[in-house]
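This report concerns only the one structure given below.
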Amino acid sequence: MNLINRPQDRLRGSATWLAKALKVEEAQIMLAIDACQANTSGMENQQLSIARRRDQLQSQLDGLVVSAARFLGKDWEDEMLTETALDIPQDYEIENPFVLPTQGNVESILPPLPSYIRVDQLQELGLEILVDQELSLRQGQANDCLHEIRLALADKSMIFQQDVRHARNYNLMTRAWGRIASMDLTLNWHASLYRRCHWQMAALGTDADIVIWYQELHALDLSVTTAISNPNARGHRDDRLAWFWTMDVPHYTDRNDWMSEFYRVHWFRLKALLDQWEEEVELLQCEANWTQKYFQHRVNFWKDQQDEAVQLKNTGMACYAAQQCQIYHQLYLM
């Protein structure tokens with residue numbers, strides 16, 4: 001809404017056009033995932049559904065290309081997109097096995113977005129405002145993706161505890177793992193969308209503060225923790241939440257009760273771990289003090305033995321006691 005209300009002069013409606021282009025890009029990623037699964041299963045009805053979706057997506061892309069001349073100028077050409085397509089890293093989505101390159105299909109066509117065009121070319125055309133608008137929209141898109149990833153991980157954790165672990169027969173186990181597979185599909189889609197968004201924000205020349213806030217998403221960050229189900233279970237002592245869990249905790253806890261419980265459990269776990277560390281530091285300090293006092297006690301003991309041996313004119317015992325006194329004194333000074 002802030003972008004729409006800004007004075008835009010000749011670029012009025014550009015924010016709405018960019019938002020539509022981002023939605024088309026999201027549809028491309030989702031279609032790529034579904035197309036990969038359809039090619040694996042080979043069901044005819046799935047193939048027909050993919051074909052219909054490709055036709056609809058192609059018409060949306062054609063509309064975006066036609067309207068791009070209004071905002072990018074009459075000199076804009078499709079070749080401006082194909083040049084920057086080479087800059088996209090080839091191993092961009094290797095971490096996600098569901099997203100595979102589908103060359104020659106509509107999901108591989110680049111939408112006419114400023115992030116797919118070189119920033120210096122847009123500056124030459126005087127279209128810096130489009131870069132700022134897309135960067136703002138990309139930040140909102142990244143926030144939505146991270147929010148959905150958090151919800152999916154929390155729900156997946158609860159499904160493991162309530163359904164998978166308590167399934168007593170084959171039917172219940174099959175249904176539980178079916179829900180896990182559905183949740184994985186949603187999780188992988190939002191993760192792929194965030195990775196694309198993260199790369200596009202970097203192409204737009206994101207500030208250092210934004211880069212620190214929106215970090216790179218790795219496969220390890222999408223691991224599920226079941227500490228909410230049994231906080232005292234073994235093997236969870238050194239578990240840590242990923243970076244996106246601590247971005248805006250009060251906002252997420254107010255919107256979802258499950259998230260509130262999720263954060264409370266992890267907060268208590270970390271608080272208990274911190275208390276354990278503080279207790280270990282205190283015990284180590286006490287043990288160091290006790291050790292020094294023990295060595296001092298042994299020094300005093302052998303010194304008394306030496307004095308007694310001297311009084312009894314026992315030279316051997318006096319020498320041995322002096323040696324022991326010297327050893328414990330050196331240990332005391334260490």
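At 1.4 Å probe size, with the rest of the protein present, what percent of the exposed accessible area of the range 260-333 is carbon and sulfur atoms? Looking at the range 260-333 in its full context, I get 57 percent from C and S. With a simple spin-label model that places each label point 7 Å from the Cα along the Cα-to-Cβ direction, the separation between HIS218 and SER260 comes to 3.4 nm. For the range 115-234, the solvent-accessible area works out to 50 Å² per residue, with a probe of 1.4 Å and every protein chain left in place. Ordering 112-118, 325-331 by mean Cβ neighbour count within 10 Å, with the highest value first, yields 112-118, 325-331.
Cross-link partners of LYS271 among lysines, defined as those whose alpha carbon lies under 26 angstrom from its own and excluding same-chain residues fewer than eight positions apart: LYS156. Solvent-accessible surface of the range 260-333, taken per residue with a 1.4 Å probe and all protein chains present: 75 Å². Extension gain for ALA51 to LEU270 (0.36 nm times residue separation, less C-alpha to C-alpha distance): 73.8 nm.
When you restrict to C-alpha pairs under 8 Å that are six or more residues apart and normalise by the size of the range 260-333, the relative contact order lands at 30 percent. Considering only protein heavy atoms and a 1.4 Å probe, what is the carbon-and-sulfur percentage of the accessible area of the range 162-227? Carbon-and-sulfur percentage of accessible area, whole number: 56.
Across the protein chains, with a 1.4 Å probe defining accessible surface, the residues PHE301, PHE160, PHE268, PHE71 rank PHE268, PHE301, PHE160, PHE71 from largest area downward.
Which whole-number percent of Cα pairs in the range 140-212 have a distance greater than 14 Å? Of all Cα-Cα pairs in the range 140-212, 67 percent lie more than 14 Å apart. Note on the range 260-333: percent of Cα-Cα distances in each 5 Å bin, starting at 0 and stopping at the bin with the largest distance, equals 3, 16, 14, 11, 9, 7, 7, 6, 6, 5, 5, 4, 3, 2, 1, 0.
The values are calculated or read from the model by the stated rules, or taken from the named source; none is laboratory data. Note that the structure is predicted; figures quoted are calculated from it, not measured. All Cβ positions, even for glycine, are placed from backbone atoms using ideal geometry, and neighbour counts span all protein chains on display. Only protein heavy atoms, including side chains, enter the accessible area calculation; ligands, DNA and RNA are left aside. Shrake-Rupley method; radii C 1.70, N 1.55, O 1.52, S 1.80 Å.
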